[in-house]
Amino acid sequence: RQEGNGARNEATALQLGDNNFSWQEQDASASGGMGNNAYVAQGLDVRPNPIAAGLYLDLLSVDVINNGSLNSLATNAKAFQFQDGDDNVAASLQFGDGNYSEQHQDGDDNHALVVQNAFGNPAGNSNYAKQTQTGDDNEAAIGQNGMNQRALQSQIGDKNKALSTQRGHDNDVNIHQRGDKNFASTGQRGQCNDALVVQY
């Protein structure tokens, strides 16, 4: 579902595998030009994705999440993306079993990326990622490899940036930033890790 006052919204969904589900809603308030851009690839992505390229490189600067061979599975993957504002970009790339991703963006010029189990162990079940951004010029990216991981990033304000990488089992991360120009970065490897970052 896409609505606007004249700005052009763009949505793409590529799905491969069993029991995939994708739901995208975009509402642009500008009277013209580019509105919001949403991209979902569940399973092997056969097209280059320039939307997520910049944030993906930022994730690689935190930790190497492209270790191992590329996975092409997408069974039981889910993705929801909601964007309200102008010039927002959301990309969700999911590979493996039982992945879940949900991204909400309210404001202008917000960028969000989720990459789940693209490389390494193909049994990526129980991964979880949710990002909510309210304000303008915020960036949030989550990269997950492995099983039983969760990530929640919520940013309220302007020009905040959150980067999280998770590799292994039973990882948890919760980043909540409220205000302007906050930056948070977390990298997790191994088992049974927990991380909480709160900035006001």
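The values are calculated or read from the model by the stated rules, or taken from the named source; none is laboratory data. This is a predicted model, so every value here is computed, not measured. A quick note on method: Cβ atoms are made from the backbone with ideal geometry, for glycine too, and the neighbour counts reach across all protein chains shown.
Observations on the structure shown:
- Where a residue in segment 1-21 is over 12 Å from Gly33 (Cα atoms) and its partner, wherever it lies, is loosely packed, with under 13 Cβ neighbours inside 10 Å, with Cβ under 8 Å and at least six apart: Leu14/Val46; Leu14/Arg47
- Matching residues, segment 97-118, being within 13 Å of the chain's Cα centre (by Cα) and surrounded by fewer than 19 Cβ atoms within 10 Å (Cβ to Cβ): Glu102
- Gln94 surrounded by fewer than 19 Cβ atoms within 10 Å (Cβ to Cβ), farther than 24 Å from Ser29 by Cβ and either among the polar types (S, T, N, Q) or touching a Lys or Arg at 6+ places or on another chain (Cβ under 7 Å) (or both): no
- Check on Asn182, closer than 27 Å to Ala28 by Cβ and at pLDDT 95 or above: yes
- Among residues of segment 156-185 that are farther than 20 Å from Gln116 by Cα, those with a Cβ under 7 angstrom from a residue that is among the β-branched types (Val, Ile, Thr), sequence gap 6+ or separate chain, pair up as Ile156/Thr134; His176/Val198; Arg178/Ile156.
- Flag for Ala30 being out of contact with any Ser or Thr (no Cβ under 6 Å at 6 or more places or on another chain), hydrophobic (A, V, I, L, M, F, W, C) and closer than 21 Å to Gly143 by Cα: no
- Just one of the numbered conditions (1) under 19 Å from Phe183 (Cα atoms); (2) crowded, with 24+ Cβ neighbours inside 10 Å; (3) of a type in the set (A, V, I, L, M, F, W, C) is not true of Leu152: (2).
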